[in-house]
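The values are calculated or read from the model by the stated rules, or taken from the named source; none is laboratory data. Because the structure is predicted, anything quoted here is derived from the model rather than measured. For neighbour counting, all protein chains shown are included, and Cβ atoms are generated from backbone atoms with ideal geometry for every residue, glycine included. These accessible areas exclude ligands, DNA and RNA; they are computed on the full protein's heavy atoms, side chains included. Shrake-Rupley method; radii C 1.70, N 1.55, O 1.52, S 1.80 Å.
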Amino acid sequence: MKKTLFFISIPLSVIILSLLSIGFFAVNYLLNFKLRDVGIIRRREIKGNRLSPQTFNTLPITPFKIDSKHGYKLSGIELKAYEHNRFIICLHGVTENKISSNKYMMLFHSLGYNVVLYDHRRHGSSGGEHSSYGYYEKDDLNTVIDFLYHKYDNIYLGLHGESMGAATALLYQGSLNGKAQFLISDCAFSSLDQQIIYLVKEKIYSKLKVFTPILIYFINKALQIRTTYSLYQISPKQSVRQIKIPILFIHTKNDTFIPYQHTQSLYNNNKSDAKMLWLPTKGDHATSYNIHSKSYKNKVIEFFNQYDIPYDLQSK
């Protein structure tokens, strides 16, 4: 009997160690996802007419660096074009940086908002060892918001996020009793574990479908060993249940990176009546504004009108 158990335990141990090794490999990839080159992003945005260096240089923009509670500097810019203290913070997605949020800065500037952009940890000019897909990023957002509240009085604050930035905004507002008055979530994932399951099944190796739950278990164990948190703590779907402020949910139906069903789930899990859902048919991940810029602006205005959110269309 002992011999039988011994011979069974050897292949079982090999399997467990192999799965844990795969888990560590996946976690290393997840935490250190290759970032897009800043110059490439800049040229892409200029070519797409979403960034005009000439216009940018005429705006009253002030750069800032502030300390994250997690031990690094956060790098950002503040566009304070209006005397009032109506602000919106725009949050970029993973692999991107604040340059890719310039299009949203110009959108909300045209609606009479002062705008703040900053680089998430490990992105752009900010510090930070690895990406955490909202877990530490929500704390950094809280730091930026505290910075604004310390600098100005009587702030009216909105949040706009794209992809990981949207997940971060939802996690902040729902789990940290956020100070925002409204939120726009564009193509967020509903939970990190479900997003990884989707990527494993659809993007990496379809034959792993049967083993995905087991693989996710070992990825999560590896993540807990490497960091202080688990996959299941990065769940905008849970946070959104606590959010009472108006939310506009946006997601293209043809998104092949984060399926639009994630945003549908977020919308369904939000218990407030102050919410809108827009699912454009054209466009892949994080391209809603690129393809539907006029409709995007009109949808934001419709959202503002429906929930009495202040804006000024005549502002330049």
I need every pair where a residue in the range 41-69 that is closer than 21 Å to Ala81 by Cα has its Cβ under 7 Å from the Cβ of a residue that is among the small types (Gly, Ala, Ser) and modelled with pLDDT of 95 or more, sequence separation at least 6 or different chains.
Leu59/Ala81; Pro60/Ala81; Phe64/Gly76; Lys65/Ser75
Looking at the range 83-94, is at least one residue free of Cβ contacts under 8 Å to residues at least 12 places away in the same chain, farther than 25 Å from Ile155 by Cβ and open to solvent by less than 40 Å² (accessible area, probe 1.4 Å)?
no
Would you be able to say whether some residue in the range 42-59 is more than 20 Å from the chain's Cα centre (by Cα), open to solvent by less than 60 Å² (accessible area, probe 1.4 Å) and among the hydrophobic types (A, V, I, L, M, F, W, C)?
yes
Taking the range 280-316 on its own, how many of its residues are among the aliphatic types (A, V, I, L, M), more than 17 Å from Gly161 (Cβ to Cβ) and not in a helix (DSSP H, G or I)?
1
Kindly indicate whether any position in the range 40-61 is in a strand (DSSP E or B), β-branched (Val, Ile, Thr) and at negative phi.
yes
So which residues in the range 221-238 are in a helix (DSSP H, G or I), open to solvent by less than 80 Å² (accessible area, probe 1.4 Å) and within 26 Å of Tyr267 (Cα to Cα), if there are any at all?
Leu231, Pro236, Lys237
Filtering the range 55-96 down to residues that are in contact with a Ser or Thr (Cβ under 8 Å, 6 or more places away or on another chain) and among the aromatic types (Phe, Trp, Tyr), which residue is nearest to Met164 (Cα to Cα)?
Tyr72
